[in-house]
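Student: My questions all concern the structure below.
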Amino acid sequence: MDPHSIVTLELSSLLDLVARHAQTPLGRERVLNLLPATVRAEIECALDLTMECVAFLESGERFGLAGIADPRPSLLRLQVEGTALEPSQVLELEHLIAVGIGLRDVFRNPGEHEQYPGLAGVAGRIPDLRRLLLDIKGKVLPGGEIADTASPALREIRREIQTGRTRIHRSLEGVLRQQARAVQEEFITFRNSRFVIPVRTDSRVQVPGVVHGLSSSGQTTYIEPLSVIDQNNELVRLHEQEELEITRILRMITDAFRANQEGIRRLSDSVAEVDLAQAKARFSLEFSCVRPEMSHTREMRLHGARHGLLESALRQSGGGAVPISFDLDDMHQVLVISGPNAGGKTVVLKTVGLIALMAQMGIPVPAAEAVLPIFDQVFADIGDQQSIAANLSTFTAHMCNIARMAEKVTPRTLLLIDEVGTGTDPEEGAALAVAIVDFFRRTGATTLATTHYNPLKMWASKTDGVLNASVEFDEKTLRPTYRLTVGIPGASAGLEIARRMLVPDAILEQARALADPDHILAGDYLRKLRTLVEEQGALRAALEEERAAASRDQARLEEEFLRREQARSAAFDKAMEGAMRQFEQQSEVLIRGLKDRVAEEKVRRAAQNRGAQLRRAARESKKAMEPEMDSAAPGSPSTCAGSAVPQPRQDRAGAEPVEGDRVWVRPLGQAGTLDSIHEETYTVSVGLLKFRARRDDLQVLESAPATNPKLPVRKPAPELSLEQPLPAEINVIGLNADDARLRVDKFLDQAFLAGFESVRIIHGHGKGVLRRAVAELLSGHPQVESFRPAPPNQGGGGATVVQIRQ
């Protein structure tokens, strides 16, 4: 990137804003040294990492990087063999390693690894220095002292030091009591690394010992009594041993660091990389930034874009930057911006340039939406480039920049030119401005230029691939609004701004009289055009507001409807639950009341049916079957309610049950029909209930009746009801349509419960009213599988055969 343009766009000031959020010296340094990348993969990777940090911070998590010092001085010292680290440096490296291991552990978690793959990748490069941390942890205390537990020898030395001090104190306290008149004050102090007592100077001969100094007034002499000299000597020796042991411990710790210095260096690099990304993320959250979409074409779309430095400055005064919005595509790569002085034209250029650089450094941009191409160069010719030292006037400085841009421009270049062609004769400058912008248009570069020249505005309105834009000016307040409007050029409003700057009216009137009438008319035309555009914009905004209000109302109604439906559903579920509970209670009462009656009735019917079968067999075979008849007589099974179990037929005693047999279910104390056999499980129908039993729980009462092929095949019918068996047909001839529908509907439900596979409905021919009413009912009935007219031998068109759903 062009260094001059980076300075012009104040990139370093923006990086200072980002660096405020860095928590480590290395992270801050990386922020300040950031430069835009031009390789898509690098840009996308940096943006991915930053947005993962944004998501991590928004979830309430923190990285915990505070308090990490710059490890480079310590790492440099480790490179020198034989040197030892200072205790403070040990603590700094210990804290760095602990933070690094913490990051490594957090993002090794499977959930975090899946949610934050970029951060997990950075943390995964941190070596496992857990063993090193365990070896050194706690040896140096937070204040920089070596802990007693750092080594057994140090612990023993310090214990002896404490014992020696206690002994010296007791000795000196005895001297103080014996020489109370000679002592200045009753306390023990320390001079020249030895314990002494304060004695009045005029009485020092009364306390024999070594003098270690006088007070500032000369009235107190600090004396080491002869009785403690040897003890003090021993204490000095112990302190020397302590220092030697501390030096040994520090060397041991340093050697451990030295053996792992490459791992520590990689760890510090990973921590710095995470700090850089989280600093970008915090800046993004502070300024409500978005991730820019890096276009594969030359499309540039900025909606609600703001200048970060300007917004930061305005926030301090309680204000905010006015956002800008515009679109450029492959067919329109040039934007000519016009309008009044101090209206914000230069801010538009700086905003676009700074956002382009931020995006290519992996920093989210302050905008509502941003789509940007990747530029290989960003050139900015903004402001007064006059230089006395370089012998450059304003115009020549601009021309030098234009020449440099023309030499290096490519289709992937972003050009930002402020007041193009200014600083010379207006007529020549206008022609030069048109030529410069047209030259860059033909190169395919993305170009934004500001101007006051009408010829350049007219050229922009007539040339393909070029868009006009303007910054707004409030005619009532004579102040710029800083809003950018794409599609129309803007008037310079020089006379109005001069009036706002309190230029005398006489000067303004003369200037207006001297101005070119065509120029005045052009300015009036542009103002009228802007008024129309503003009115259309206001109307569009009003329509959008109405549409948004309608959408809100619709959403509110849908939410209210959903809430009411949920409440209604909850009330229905509650009522249904209560009804089901009541039904179950009533069913239990009914079943208990009918249990004995049902059992008796079933046994009686079974006995009657079996007796009838035996009588038919006797007539057919003409053989004497009296023993069997006696044993199968209707009265043989005991049918007393709640008493003995019915006796099986002698010819089926011990036989295996088969489907259709009437069996006695011992656990229930009731008879039922055997429906099916699956491996060792027998399914028995007992009324409306299905019961699964083992073979040992069943006793055969009656064999399955032979099937008559001429009659409709029936499934075993439930036997809860004690009424007469249900017929396989119903006759509704003579009923009106409504009554017929009610009768047929009830009949179909009964047929379904009785297990019929098909039934017949007799409705006659007549005028076809009953036939149509029955057909309408059958078409949507839940128990009906299909229906058809009866065959001729069963009534033909005067009846309908219904297949019952199984």
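The values are calculated or read from the model by the stated rules, or taken from the named source; none is laboratory data. Values in this document were obtained by computation on a predicted structure and should not be read as measured data. Cβ atoms come from the backbone with ideal geometry, glycine included; neighbour counts cover every protein chain shown. Surface accessibility is based on the protein's heavy atoms, side chains included, excluding ligands, DNA and RNA. Shrake-Rupley method; radii C 1.70, N 1.55, O 1.52, S 1.80 Å.
Student: Which whole-number percent is the relative contact order of region 334-446 (Cα, under 8 Å, 6+ apart)?
Tutor: Computed over region 334-446, the figure is 25 percent.
Student: Further question on the same structure: Please report the spacing between the Cα centers of region 102-121 and region 776-806 in Å, no decimals.
Tutor: 68
Student: Sort Phe195, Phe572 by heavy-atom solvent-accessible area, probe 1.4 angstrom, most to least.
Tutor: Details: Phe195 20, Phe572 120 Å².
The ordering from most to least exposed comes out as Phe572, Phe195.
Student: While we're here: Mind jotting down the distance between the C-alpha centroids of region 418-469 and region 291-339, whole Å?
Tutor: Going from one Cα centre to the other spans 20 Å.
Student: Further, regarding this structure: For region 284-386, build the convex hull from the C-alpha positions and give me its volume per residue in Å³.
Tutor: Hull volume over Cα atoms, normalised by residue count, gives 124 Å³.
Student: Continuing with this model, one more query. Quick one: check the C-alpha center-to-center distance for region 45-100 versus region 535-577, whole angstrom.
Tutor: Region 45-100 and region 535-577 have Cα centres spaced 52 Å from each other.
Student: So how much accessible area does Arg540 have, in Å² to the nearest 10, using a 1.4 Å probe?
Tutor: Here the residue's solvent-accessible area equals roughly 140 Å².
Student: Please tell me the relative contact order of region 25-140 in percent, rounded to the nearest whole number, where contacts are Cα pairs under 8 Å and at least six residues apart.
Tutor: With pairs under 8 Å counted, the relative contact order is 24 percent.
Student: Now for a different question. Taking a 1.4 Å probe, which of Phe583, Phe187, Phe287 shows the most accessible area, and what order do the others take after it?
Tutor: On the way: Phe583 125, Phe187 80, Phe287 0 Å².
The residues order as Phe583, Phe187, Phe287, largest area first.
Student: What is the packing order of peptides 202-208, 338-344, taking the mean over residues of other C-beta atoms within 10 Å and listing the highest first? It would help to have the intermediate numbers written out before the result.
Tutor: Numbers: 202-208: 13.6, 338-344: 23.1.
Descending mean neighbour count gives 338-344, 202-208.
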